[in-house]
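Below is one structure, written out as structure tokens; the observations come after it.
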Amino acid sequence: MITDYDTWTAWRDAIANQLRAQPNLDVLVDGVDVAGEPTYRLDPDGRAHISAVLWMGVGVPVAGDDAMCGTRDLGSLSWQVTAVGGDADRAARAALKVRAAITGKHLVDGAGPALEQFDQATVREDKTAKPSRFVFAMAYAAELA
């Protein structure tokens, strides 16, 4: 379980760095880009470029049989990455880059692997955004030592 801000930011930064290592994937943390303004880059056709938006949780204590591996008293941390693109194909490419970046990775020393929690099998369109965007919401969790 995470009980201090420094540990939480270490996790946030580790996840964001893994995502940023993916070529041609824009990464926003908590919906805000590096400059501090919400923004999506546009492709030449005016549609949203492929992006990943990281939304962090704060973690929960997990004990014994409820732990993902079932053997130790641990905490777990969850987060969501929203894969975004200007059409369904771009959103799928963003989702596959997210999966390649963090699924199964040990993001912080002593922690378990990042595991995808459920499959959001269908892309959905965010029609309120201008221009519209298509998204996959991807939930992750990892056990903490």
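Any read-out appearing in this document is the output of simple, stated calculations on the displayed coordinates, not a laboratory observation. For clarity, every value in this text was computed on a predicted model and none was experimentally measured. No Cβ is skipped: glycine too gets one built from the backbone with ideal geometry, and neighbour counts run over all protein chains shown.
Within straight cross-link reach of residue 105, meaning Cα distance under 20 Å, which lysines are found once same-chain residues fewer than 8 apart are removed?
Once the sequence-local lysines are set aside, what remains near residue 105 is 97.
Counting Lys +1, Arg +1, Asp -1, Glu -1, what net charge surrounds residue 13 among other residues with beta carbon under 11 Å of its beta carbon? Working shown, then result.
Values: positive: 12, 20; negative: 6.
Combined, the nearby Lys, Arg, Asp and Glu give +1.
Between residue 130 and residue 5, how high is the FRET efficiency from 1/(1 + (r/R0)^6) when r is the Cβ-Cβ distance and R₀ = 25 Å? Nearest 0.05.
Here the calculated transfer efficiency is 0.10.
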